[in-house]
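The next block holds one structure in the form of structure tokens; read it before the comments.
Nothing in this text is a laboratory measurement; each read-out follows from the coordinates by a stated rule. All values reported here derive from a predicted model rather than from experimental measurement. So basically every Cβ, Gly included, is an ideal-geometry build from the backbone, and we count neighbours across all protein chains shown.
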Amino acid sequence: MKPALFEYHRAASVAQAVDLLAEDPGAMILAGGQSLVAAMNFRLAAPSRLIDITRIPDLDRIAVTAEGVAVGAAVRHRTLERHDGAHAVNPLIRAAQAHVAHVPIRNRGTVVGSLCHADAAAEMPLVLLLCDGWVELEGPGGNRRIPAEQFFRMHLTTARASDELATRAVFPALPPDAGWAFAEFARRKGDYAIAAVGAIVQCDAGGRITRARLAACGISSKPVRLGRAEAALAGGTADATAAAEAGRAAATHVDAADDSIATAAYRRHLVAALTERVVAEAAARARRGTE
Ligand SMILES: Cc1cc2nc3c(=O)[nH]c(=O)nc-3n(C[C@H](O)[C@H](O)[C@H](O)COP(=O)(O)OP(=O)(O)OC[C@H]3O[C@@H](n4cnc5c(N)ncnc54)[C@H](O)[C@@H]3O)c2cc1C
């Protein structure tokens, strides 16, 4: 099918993009177009106006600072994936990016576009939540930042107001002594995850876990922290028994119903297995760091 008729505007600045959004309630931002254009072709989306933000100066920047990795709204997945400075402070980004679609899609799709699209099975929302990152927005009332915990509301729905442009996302640096891991199961390489789990684990010199953060996607209507699995790990020894116990606790966070891709029981099985794997891998990295 062909999309419904729409106006096309190429914004030259953030201010102009915000004005163009405010003028037309039917307007939508066009970033990489990898999700939006398909939705328009299926007439699942019919914006009256598209505002292309990919040529706005400065939005294509990646800045690695003490805060972490700040990713402008026009930065493509592949650019971030290949950025060695970003990888040095937050290796979870590259690990997760390898699972986002295929290289041609990562060459066009943007990281912030993926966050705004908010597919419940998408990898980058999971990473932003896991790292305690945030999204920065600009609207007619000024700018604000929304922590990942509040940004993702449900599948394809965020806390962004319809007249706001997301200008950048910040993925905080991992603590230098932290171990990390990311694992995903998808039906075919490049598909959205049936389930994916990420972990950040810190251990003391005796191998005891001092801090564990876990998050998953594909198992609920939005990316979720695996709080019960984190609690199961806290203060314990980072061994195979603890990883298996965390996996069992993680499975209790699945609230997806059976669908055409997987049953809820299968997702529980997957999230348990993936959690066990990432906890073991992250703990091993953390121990190597404290040795
Ligand atoms: C075959 C295929 C497989 C894919 N597999 C995966 C996968 O495994 N994992 C995954 O995560 N993604 C996957 N994707 C999606 C891909 O990652 C997209 O790049 C991403 O979802 C959207 O980014 P985009 O820049 O293309 O956004 P667009 O398609 O341009 O926009 C998506 C939505 O976000 C809004 N938006 C975009 N940028 C902004 C902004 N700065 N401010 C406000 N609103 C904004 C748009 O208005 C639109 O509603 C796949 C896509 C395809 C076609």
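Please rank Leu59, Leu156, Leu174, fewest neighbouring Cβ atoms within 10 Å first, as an exposure proxy.
So the ranking, lowest neighbour count to highest, is Leu156, Leu174, Leu59.
Using the number of other C-beta atoms within 10 angstrom as an exposure proxy, rank His269, His117 with the fewest first.
His269, His117
Once the other residues with Cβ under 12 Å from the Cβ of Ile200 are scored (Lys, Arg +1; Asp, Glu -1), what is the net sum?
Net of charged neighbours comes to 0.
Just name one of Leu130, Ala95, Thr79: the one whose Cα is farthest towards the positive end of the charge dipole of the range 78-132 (beta-carbon charges, Lys/Arg +1, Asp/Glu -1).
Thr79
Based on the Cβ-Cβ distance of Asp84 and Arg61, what FRET efficiency does E = 1/(1 + (r/R0)^6) give at R0 = 22 Å, to the nearest 0.05?
Taking R0 as 22 Å, the efficiency between Asp84 and Arg61 is 0.90.
Give the share of C-alpha pairs in each 5 angstrom bin for the range 111-212, from 0 to the last occupied bin, in whole percents, shortest bins first.
The percentages, shortest bin first, are 2, 12, 20, 19, 16, 13, 9, 5, 2, 1, 0.
Highest mean first, how do 222-234, 97-109, 119-131 rank when packing is the count of other Cβ atoms within 10 Å averaged over residues?
My ranking of the peptides, most packed first, is 119-131, 222-234, 97-109.
Determine the sum of side-chain charges near Arg225: Lys and Arg each +1, Asp and Glu each -1, restricted to other residues whose C-beta is under 9 angstrom from that of Arg225.
Around Arg225, the charge tally is -1.
Once the piece of chain linking Ala234 and Arg153 is laid out straight, how much longer is it, given 0.36 nm per residue of separation minus the C-alpha distance between them?
26.4 nm
Relative to the compact globular guide of 2.2 N^0.38 Å, what is the alpha carbon radius of gyration of the range 7-52, as a ratio?
1.10
How many angstrom separate the Cα center of the range 110-177 from the Cα center of the range 1-68?
16
Which distance in nm do the two modelled labels at Ile105 and Ile261 give, with both placed 7 Å along the Cα-to-Cβ direction?
Spacing of the two 7 Å Cα→Cβ label points: 1.0 nm.
Taking the Cβ of Ala63 as the center, what net charge do the other residues with Cβ under 13 Å away carry, scoring Lys and Arg +1 and Asp and Glu -1?
Counting the neighbours of Ala63, the net charge comes to -2.
Semi-axes of the equivalent ellipsoid of the chain: what are they in whole Å, largest first, if each equals the square root of 5 times a C-alpha gyration tensor eigenvalue?
Whole-Å semi-axes of the equivalent ellipsoid: 34, 21, 15.
Place +1 on the Cβ of every Lys and Arg and -1 on the Cβ of every Asp and Glu in the range 7-52, take the dipole about the Cα centre, and give the residue among Gly32, Ile51, Val18 whose Cα lies farthest towards its positive end.
After comparing all options, I get Gly32.
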